[in-house]
Amino acid sequence: MLGGDTARFEPLVVKYSPRVFATARRYARRESEVEDIVQEVWSKAFQKLGTFRGTAPFEHWLMRLAVRTCYDFLRHHQRSRERVFSELSVPEQEWLERVMADPSTGSADAAAARQLVHRLLDMLSPSARLVMVLLELEEKSVKEIAALTGWSVPLVKVRAFRARAEMRRCLARIAAEKYL
Amino acid sequence: MNWERIIDELLAAARSEPANGRVPYAFERRILARLAGAPPADAWALWGRALWRSAALCLAVMTASGLWWIWPAPHLSRPLDFSQEFQHAVFAQASQVDVVE
């Protein structure tokens, strides 16, 4: 496989592609972008296979590569981060209005909430988005995030704190544009 | 407004969404065909690329230091060159001797 035999690489691609696609879909919305990310991940994996030492499972090594590729993608595609409240769909607006009036009703209409959270994630900076996805959506520990991203544990903690504050600001801005 | 609570509700909703690991039809074949067609990594090419990058960096440093040398800071007067300094030193001593005499 290290000699460039793609046929031997095929079982790995077949086995781990669903996992890589699931990761990529956390960071990109358009399916064409998701496919570009996954393609990039496999190209890098094929080229860098020689650096895989085998001391940890292949999946861990691959996911580290996938997360870093997704982060690179976010950094290079920051164009559509700014969204305005008028772009919110009716269910999203209704969900927000309802939860602002009574936060205990948040569990109703989860689909609208998911749309809104994706919109908020789109507004975050690349590092904030990465840390929010890994920490809050994938529920990884700070240590795991540090291993995946290559950041130090204190840096992950600082970025997580800032990401949460950034998300709060984005949400407050959306609400202010609508109600003030 | 309790934004923290609202964010928690939003994130809980997002967590409840199952991960979508659907792979497009024949994607593996496309990837493998692409990998098979890709040129193998050439160590000399990588070395050459690194050299070109370092050459560009050296050029940038050279240009910056050249500019720094050509344009002195505006508030500083231009220093005397060596010949003028030497001349001043020699004549200063000579004028001191005249004064003593």
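The values are calculated or read from the model by the stated rules, or taken from the named source; none is laboratory data. This is a predicted model, so every value here is computed, not measured. Positions of Cβ are generated from backbone atoms using ideal geometry, with glycine treated the same way; all protein chains shown enter the neighbour counts.
If only residues of region A:34-58 that are surrounded by 14 or more Cβ atoms within 10 Å (Cβ to Cβ) and charged (D, E, K, R) are counted, the one that is nearest to A:T6 (Cα to Cα) is A:K44. Report yes if A:E136 is within 14 Å of chain B (Cβ to nearest Cβ), in contact with a Ser or Thr (Cβ under 7 Å, 6 or more places away or on another chain) and of a type outside the set (K, R), otherwise no. So A:E136 does not fit the description; no. Confirm whether A:K15 is farther than 21 Å from A:T149 by Cα, in a helix (DSSP H, G or I) and basic (K, R). Yes, satisfied.
Just so you know, in region A:1-33 the residues that are aliphatic (A, V, I, L, M) and within 9 Å of chain B (Cβ to nearest Cβ) include one that is surrounded by the fewest Cβ atoms within 10 Å (Cβ to Cβ), and it is A:A7.
Does any residue of region A:132-149 turn out to be outside the structural domain of A:D5 (by TED's automatic domain parsing), at pLDDT below 85 and either within 17 Å of A:A175 (Cα to Cα) or not β-branched (V, I, T) (or both)? Taking every residue of region A:132-149 in turn, none turns out to be outside the structural domain of A:D5 (by TED's automatic domain parsing), at pLDDT below 85 and either within 17 Å of A:A175 (Cα to Cα) or not β-branched (V, I, T) (or both). A Cβ distance below 7 Å, combined with a sequence gap of six or more or placement on separate chains, defines the contacts here; from region A:94-108, residues that are more than 7 Å from chain B (Cβ to nearest Cβ) reach residues that are β-branched (V, I, T) and exposed (fewer than 14 other Cβ atoms within 10 Å of the Cβ) in the pairs A:R98/A:T105. Among the residues making up region B:13-33, those that are touching a Ser or Thr at 6+ places or on another chain (Cβ under 9 Å), in a helix (DSSP H, G or I) and at the interface with chain A (Cβ under 7 Å from one of its Cβ atoms) are B:A13, B:F27, B:E28, B:I31, B:L32.
In region A:50-64, the count of residues that are in contact (Cβ under 8 Å) with a residue 60 or more places away in the chain, aliphatic (A, V, I, L, M) and not assigned by TED's automatic domain parsing to the domain that holds A:V14 is zero.
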